[in-house]
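J.: Submitted below is the structure of interest, expressed as structure tokens.
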Amino acid sequence: TVSAEGLSKYFTYRNQTIKAVDKVNFAFKEQQFISITGPSGSGKSTLLYIISGLDQATSGDLLVDGVEVRSLFGRKENHFRREKVGFVFQSYHLLSNLTALENVMLPMQMVRGKSAEEIRERARNLLFQVGLNEDRHSHLPGKLSGGQQQRVAIARALANDPRVILADEPTGNLDAYNSKRIIELLKQLAEQGKTVVVVTHDRSIARVADIRLEMEGGRLTGMGSQIAPVRPV
Ligand code: ADP
Ligand code: ADP
């Protein structure tokens with residue numbers, strides 16, 4: 001579950017206050033696929049970065065999978081980013097000198113508890129789950145197509161089994177065919193129990209979403225804005 005109440009992010013630029021995210025409320029549950037659309041500069045990426053812990057809110061409450069995000073710092077913050085959320089970027093952001101398999105192994109290696117063999121086995125399984133053929137597992141990202149790289153990036157986001165997957169324009173660099181397959185994959189993850197939040201311009205993503213939200217000037221509109229936020233206990 002991801003819930004927010006009065007969540008805001010203000011920037012100060014040349015003595016002007018930019019309300020990138022302005023007092024938004026929402027509650028996203030497990031098994032929900034949420035799309036956020038809206039014009040450029042409306043605050044979509046900033047909102048996603050705040051939920052992921054990559055950026056800090058100016059004010060408001062945010063609860064992600066039982067964790068009060070505002071109270072995170074230092075090691076706890078790293079733990080949160082590694083284990084509570086998985087982030088998928090428009091441009092994949094894979095490490096170019098590691099193979100597909102090694103990219104997926106990496107987040108697991110940052111966390112204690114799994115043996116090298118378990119990590120390798122889980123990474124292989126995740127790559128199968130996202131549909132990357134075994135003969136591609138040892139390829140460097142530069143040798144893979146955009147669609148294949150995004151599959152690897154999704155497998156990496158799943159590595160530490162987070163409950164929440166966040167994606168910023170995941171199909172922005174893909175052709176129609178690969179976009180469709182990536183959307184199906186994200187949709188499947190939601191059906192399997194994840195909360196999947198996708199920021200997108202892609203209408204075909206919004207079409208399959210359970211909750212369609214729109215952002216405009218830092219404000220959230222659409223069905224999600226009417227959902228009462230879940231109170232932190
Ligand atoms: P979107 O993802 O919808 O295109 P953004 O979240 O990137 O929108 O940006 C929302 C607003 O916040 C824009 O006006 C943008 O210029 C501003 N903004 C985003 N990041 C910063 C920053 N680091 N410093 C100042 N302004 C920012
Ligand atoms: P994306 O395609 O990931 O949304 P953007 O081009 O919107 O990337 O922003 C890239 C980075 O620059 C982000 O980290 C964002 O916070 C920051 N940023 C966006 N707008 C501004 C701004 N007006 N001033 C300073 N930083 C900004």
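J.: In the list Ile50, Ile18, Ile34, which residue meets the criterion of being within 13 Å of ligand 1 (Cβ to nearest atom) and under 17 Å from the mean Cα position of the chain (by Cα)?
T.: On the way: Ile18 fails: under 17 Å from the mean Cα position of the chain (by Cα); Ile34 fails: within 13 Å of ligand 1 (Cβ to nearest atom).
The match here is Ile50.
J.: What is the number of the single condition among (1) modelled with pLDDT of 95 or more; (2) open to solvent by less than 50 Å² (accessible area, probe 1.4 Å) that Arg219 does not meet?
T.: (2)
J.: Every residue in the range 85-130 that is of a type in the set (Gly, Ala, Ser), touching a residue at least 40 places away in the same chain (Cβ under 8 Å) and more than 16 Å from ligand 2 (Cβ to nearest atom), please.
T.: Those that are of a type in the set (Gly, Ala, Ser), touching a residue at least 40 places away in the same chain (Cβ under 8 Å) and more than 16 Å from ligand 2 (Cβ to nearest atom): Gly86, Ser96, Ala100.
J.: Follow-up. Name every residue in the range 8-53 that is near ligand 2 (Cβ under 10 Å from one of its atoms), over 25 Å from Leu185 (Cβ atoms) and either touching a His at 6+ places or on another chain (Cβ under 6 Å) or open to solvent by 50 Å² or more (accessible area, probe 1.4 Å) (or both), in order of residue number.
T.: Phe11, Tyr13, Ile18, Ser40, Gly41, listed by residue number.
J.: On to the next question. What's the number of the only condition in (1) of a type in the set (S, T, N, Q); (2) touching a residue at least 60 places away in the same chain (Cβ under 8 Å); (3) in contact with a helix residue (DSSP H, G or I) (Cβ under 6 Å, 6 or more places away or on another chain) that Gln149 fails to meet?
T.: Result: Gln149 fails condition (2) only.
J.: Next question. Within the range 53-65, count every residue that is more than 9 Å from ligand 1 (Cβ to nearest atom) and in a loop (DSSP other than H, G, I, E, B).
T.: Final tally of qualifying residues: 6.
J.: Check whether at least one residue in the range 59-70 is closer than 25 Å to Gly146 by Cα and open to solvent by 30 Å² or more (accessible area, probe 1.4 Å), and report yes or no.
T.: no
J.: Considering only residues that are closer than 24 Å to Leu220 by Cα and either touching a Leu at 6+ places or on another chain (Cβ under 8 Å) or of a type in the set (Gly, Ala, Ser) (or both), which ones fall in the range 149-188?
T.: Ile165, Leu166, Ala167, Asp168, Pro170, Gly172
J.: Something else now. May I ask you to list the residues in the range 186-207 that are surrounded by 19 or more Cβ atoms within 10 Å (Cβ to Cβ) and touching a helix residue (DSSP H, G or I) at 6+ places or on another chain (Cβ under 6 Å)?
T.: Across the range 186-207, the qualifying residues are Val196, Val198, Val199, Ile205.
J.: Now for a different question. Starting from the range 166-190, take each residue that is farther than 14 Å from Gln149 by Cα and list its partners that are acidic (Asp, Glu) and more than 16 Å from ligand 1 (Cβ to nearest atom), counting only C-beta distances under 8 angstrom and pairs at least six apart or across chains.
T.: Ala190/Asp210
Rundown of residues vs (1) touching a Lys or Arg at 6+ places or on another chain (Cβ under 9 Å); (2) modelled with pLDDT of 95 or more, yes/no style:
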{"residue": "Gly60", "(1), (2)": "yes, no"}
{"residue": "Gly74", "(1), (2)": "no, no"}
{"residue": "Met105", "(1), (2)": "yes, yes"}
{"residue": "Ala116", "(1), (2)": "no, yes"}
{"residue": "Ser145", "(1), (2)": "no, yes"}
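The values are calculated or read from the model by the stated rules, or taken from the named source; none is laboratory data. Predicted model only: the values in this text are computed from it and were never measured. Note that we place each Cβ from the backbone using ideal geometry, even for glycine, and neighbour counts take in every protein chain shown. Just so you know, the surface numbers come from the protein's heavy atoms only, side chains and all, with ligands and any DNA or RNA stripped out. Shrake-Rupley method; radii C 1.70, N 1.55, O 1.52, S 1.80 Å.
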